[in-house]
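Have a look at the structure below before the remarks.
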Amino acid sequence: MSSIEQIALRFMARFNSDDLDGVIASFLEDGCYIDPGNVVHQGIDAIHAAMAPLFEGEPGSSEYIITDAIFDDAASKALVNWTLQIKGDGGQVSKLDGLDILTIKDGKIQSKNAFCKAAELKFEAA
């Protein structure tokens, strides 16, 4: 397993462990998160403010399932395709597909550029 792969997979696992502090600690101090709306959140404080709402649901109510990934040590990049599965009240399940482009520097994430394939979530019966 490459170092880029380890860093990217550990980062994704922290989301599934409901570990906001771990997710934020994965970034460089001056790192950036470009959200699916193309808003740039520069620096740890801005990244924390942008990502905290993602962790406000009940633990275990959402899970990122990696569907495909490319890890390029030479370019210090990871492309991670994922499906976000969200469990709603009453057993409803919604799925959202997306892609993260992660740029790694000095063992941490320099940038996370997130893309989603849906404009809104649609809950379906489980």
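The values are calculated or read from the model by the stated rules, or taken from the named source; none is laboratory data. Since the model is a prediction, treat every value here as computed from it, not as a measurement. Cβ placement follows ideal geometry from the backbone for every residue including glycine, while neighbour counts extend to all protein chains displayed.
Among the residues of the stretch 8-66, those that are under 29 Å from Asp89 (Cβ atoms), free of Cβ contacts under 8 Å to residues at least 12 places away in the same chain and among the acidic types (Asp, Glu) comprise Asp19, Asp21, Glu56, Glu58. In this structure, Gly98 qualifies as under 12 Å from the mean Cα position of the chain (by Cα), modelled with pLDDT of 90 or more and of a type in the set (Gly, Ala, Ser).
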